[in-house]
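Notes follow the structure.
The values are calculated or read from the model by the stated rules, or taken from the named source; none is laboratory data. Quantities reported herein were computed from a predicted structural model and do not represent experimental measurements. With ideal geometry, Cβ positions are generated from the backbone for all residues, glycine too; neighbour counts draw on all protein chains shown. Please note that ligands, DNA and RNA were not included when accessible areas were found on the heavy atoms of the full protein model with its side chains. Shrake-Rupley method; radii C 1.70, N 1.55, O 1.52, S 1.80 Å.
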Amino acid sequence: MIQIRDEIASDVAAREHLLDACFGPGRFLKTSQRLREGRRPARGLALSALRDETLVGTVRLWDVETGCGRPALLLGPLAVDPALQGAGLGGMLMRTALAEATDRGHGAVLLVGDAPYYARFGFERAKADALYMPGPFERERFLGLELKAGALTEAEGVLRATGALDALPEVAAEAAAAAARRRAA
């Protein structure tokens, strides 16, 4: 049985291992990562999926704003243990995260991802057409979803991170994990 719950501190190492398995070291080079670095996920929007006490999925959303000052969330990364991919866990995580974001009063979610996959949750390229990432990104994969009607209407410009700064212990833990991965490579 899969349980989805809020991420806790003891999930960090398992989450990083899962993200490495799913995305490899290139994940640190993505423009989305620049918006997440040194920040905490949006309150209540870092979720872990567990099966028999083992972390098998993760999704996190981050506070950002558009160039014109409209608040939004940036989703990512969404990852599922490779052994469980195709079983619906990613969809379960997405639906839970979007429901929680809606319940917390957020108006819009943006992401860079596979358009056919995310279309089933309501994401559209057109919702992000006037928006840009603060670095290289694949335009056709930049998608938006309005949780509140009109939340992205006339939104334009380059995204900026607005989330709370991360506490030093987690930043230090992530830096140590990254350094260990570089040494192992």
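Quick notes on this structure:
- When GluC sites (Glu not before Pro) are flagged only if DSSP places them in a loop and at most 12 other Cβ atoms lie within 10 Å, the longest unflagged stretch of the chain comes out as 54-137.
- Among Gly157, Gly88, Gly107: highest mean-square fluctuation, GNM of the chain, C-alpha pairs under 10 Å: Gly88
- Counting heavy atoms of the protein chains alone, Asp114 has an accessible area of about 80 Å² for a 1.4 Å probe.
- Taking every protein chain into account, the 1.4 Å probe leaves Arg40 with about 110 Å² of accessible area, to the nearest ten.
- Exposure ranking of Cys22, Cys68 by accessible area [1.4 Å probe, largest first]: Cys68, Cys22
- Length added when fully stretched, Val158-Ala9, from 0.36 nm per residue minus Cα-Cα: 50.5 nm
- Stokes-Einstein D (µm²/s) once Rh is taken as the Kirkwood radius of the chain over alpha-carbon pairs, at 20 °C in 1.002 mPa s: 128 µm²/s
- DSSP bridge pairs, the chain: antiparallel proportion in percent, nearest 5: 90 percent
- Cα lying deepest toward the dipole's positive end in the chain, options Ala108, Ala126, Gly26, charges on Cβ: Gly26
- Heavy-atom SASA rank of Phe121, Phe142, Phe28 (probe 1.4 Å, accessible area, largest first): Phe28, Phe121, Phe142
- Surface composition of the chain: carbon and sulfur atoms hold 54% of the protein heavy-atom accessible area at a 1.4 Å probe.
- Surface accessible to a 1.4 Å probe, Val112 within the full protein complex, Å²: 50 Å²
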